Amino acid sequence: MSTLSFRNVWVEYGNQFVLERINLEIASGTFLSIVGPSGAGKSTFLRLILGQEKPSQGAVLLDGQPFPAEPGPDRGIVFQRYSVFPHLTVLGNVLLGYEMTASPLTARLFGTARKEAIEKSRALIEAVGLGPHADKYPSALSGGMQQRLAIAQALAKQPRVLLLDEPFGALDPGTRAQMHALIKPLWREHKMTIVMVTHDIKEAFGLATRLIALDRPRKDPQAPERFGARITYDLDLTRDSAVPVLGFIRASVHVAQ
Amino acid sequence: MPRAMNVVPNRGSRLLLALLPFLLIALIYVVGSAQRRADNPDDKLLPPVSEMVATSKRLATEPDRRSGDYVLWADTAASLQRLALGLGISAVIGLTLGLAIGLLPIAGAGFGTLVAVLSMIPPMAVLPVLFIVFGLGELSKVVLIVIGVTPTLVRDLSLEVQNMPREQLIKAQTLGGSTWQVAIRVVLPQIMPRLIQGLRLMIGPAFLFLISAEAIASDVGLGYRIFLVRRYLSMDVILPYVVWITLLAYVFDYALVWFGRRAFPWAYAQGSR
């Protein structure tokens, strides 16, 4: 189980309000898409879950428990770029996750332990379709292949929550479609909670089981930073209805228990 | 007729073009040397090539009458040992401190300014201090190289660490990496190519410090020899020594490039981008 809870979360930098009054329960196994205009705090939202940022008020809980305010192995991430290590081969990139867990001092494995880890890594590399490229360095991979690698890398830790920060934003439409076809089965198979930030509305509706939109509902033209973004729409995409039209359902800003 | 900026020489002509300036310089020297000899048979300023070859041969193959050493090789060994020690120690300190300052905000706050200030001390100004503190032996010469080279390496490497994409460090943490693990498995390997580059650039300054220290207080070494024979206007020793030092530095540089390409192929794979 891996429920994420936002309890009355505010994020502000000095006078600048980024997020205000965010109340949200993300059930275990949800594929959540976050959309919204630039500067509406989508990335901040993700960084809160990552632990890279602390809320100014309120709390973010994982399974009802607060977690340390730094990135950890229970929350994996795939960024738009720079997610893979250029100095390691595809295999080395995936292997690193196992090595860091098993060997605190040297972060290297030897003998049978290494063989087992390599086997597990190869299976993951195979699962994301990079089998023939296991010994290449990332610089020899295309953008789509690098993102596949980043996903395999994150899966190695079996994270409870997988965060995707515009993971397919830099890819061409064909590659993006391939990535969509890849991520959905992986999500089902590994029973993760996925939180994905995207600019691609089609992608947001097509992949997710739930979609939230962040925006600033109140605007002060003299001080645009005075009011933070809130959840303006919260759509359940699993029901057997036609795809809901944006703006059809108002979000409840209170915790829906 | 293509534009000049689009004319690319092929392999053969590239080699020829590279050799041409060297041949030209050699030609000028030979002509000038012969000219001066013709005017004054005792001229010492531009000794003919034959004389320099003879002297070099004597220095390299005949033991010195007083000490019994083969002078050229004894000088080279002494100097290279000092240089290697100096650069090696600098590299280790540079890596450790650069990594710490770049990766750990606390270390950056604590040492960053110190290193920036220390790197402004002219190393030659503290040479007397080194002679007084460490004596006239090997140690003071090695320490001079270390003092001259390390601050630059530290600053360069710490900047390199700070310029690494934040995403990588976060990703490493989500893979379960501790600070130590991230340092040795993610950051350290990625700044190694930069260290190689830094060392290449520092070969010149390292030789400068080495030869200065040897010139002032030493009994063996390339710099010592040059400054010793200067009293007798022995250009036939000085010039071959200068060529030899230059050659050594060039080989060093080449060896570093070769090693970098072998050890860190990933760093050179993006060259075509």
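The values are calculated or read from the model by the stated rules, or taken from the named source; none is laboratory data. Small disclaimer: the values here were computed from a predicted structure and weren't measured. No Cβ is skipped: glycine too gets one built from the backbone with ideal geometry, and neighbour counts run over all protein chains shown. With ligands, DNA and RNA removed, areas are computed over all heavy atoms of the protein, side chains included. Shrake-Rupley method; radii C 1.70, N 1.55, O 1.52, S 1.80 Å.
Of note:
- Qualifying positions in region A:85-94 - more than 7 Å from chain B (Cβ to nearest Cβ) and open to solvent by 10 Å² or more (accessible area, probe 1.4 Å): A:LEU88, A:THR89, A:LEU91, A:GLY92
- Qualifying residue in region A:130-147 (condition: in contact with a strand residue (DSSP E or B) (Cβ under 8 Å, 6 or more places away or on another chain) and either away from chain B (no Cβ under 12 Å) or not polar (S, T, N, Q) (or both)): yes
- A:PHE110 being more than 8 Å from every other protein chain (Cβ to nearest Cβ) and without any contact (Cβ under 8 Å) to a residue 60 or more places away in the chain: yes
- The one condition in (1) open to solvent by 50 Å² or more (accessible area, probe 1.4 Å); (2) in a loop (DSSP other than H, G, I, E, B) that B:ALA109 fails to fulfil: (2)
- Count - residues of region B:157-179 that are facing chain A (nearest Cβ under 7 Å) and of a type in the set (Gly, Ala, Ser): 3
- Residue in region B:171-180 that is within 30 Å of A:GLY97 (Cβ to Cβ), assigned to a helix (DSSP H, G or I) and aromatic (Phe, Trp, Tyr) present: yes
- Residue in region A:56-72 that is facing chain B (nearest Cβ under 8 Å) and either over 18 Å from A:MET192 (Cα atoms) or part of a helix (DSSP H, G or I) (or both) present: yes
- Qualifying residue in region A:114-126 (condition: more than 8 Å from chain B (Cβ to nearest Cβ), open to solvent by 50 Å² or more (accessible area, probe 1.4 Å), under 21 Å from A:PRO167 (Cα atoms) and not hydrophobic (A, V, I, L, M, F, W, C)): yes
- Qualifying residue in region B:213-229 (condition: without any contact (Cβ under 8 Å) to a residue 60 or more places away in the chain, touching a helix residue (DSSP H, G or I) at 6+ places or on another chain (Cβ under 8 Å), over 20 Å from A:LEU105 (Cβ atoms) and of a type in the set (Lys, Arg)): no
- Any hit, region B:210-221, residues being of a type outside the set (Asp, Glu), crowded, with 20+ Cβ neighbours inside 10 Å, over 21 Å from the mean Cα position of the chain (by Cα) and modelled with pLDDT of 90 or more: no
- Against the test of being within 16 Å of A:VAL94 (Cα to Cα) and surrounded by fewer than 19 Cβ atoms within 10 Å (Cβ to Cβ), the options A:GLN158, A:GLN178 yield a single qualifying residue, A:GLN158.
- Residue within region B:184-198 that is more than 14 Å from chain A (Cβ to nearest Cβ), hydrophobic (A, V, I, L, M, F, W, C) and open to solvent by less than 30 Å² (accessible area, probe 1.4 Å) present: no
- Enumeration of residues in region A:76-119 that are among the aromatic types (Phe, Trp, Tyr) and within 28 Å of A:HIS199 (Cα to Cα): A:PHE79, A:TYR82, A:PHE85
- Flag for B:LEU27 being crowded, with 16+ Cβ neighbours inside 10 Å and farther than 23 Å from B:PHE252 by Cα: no
- From the list B:SER158, B:SER119, B:SER90, the one residue that fits, being among the hydroxyl-bearing types (Ser, Thr, Tyr), open to solvent by 20 Å² or more (accessible area, probe 1.4 Å), touching a residue at least 24 places away in the same chain (Cβ under 8 Å) and under 17 Å from B:LEU201 (Cα atoms), is B:SER119.
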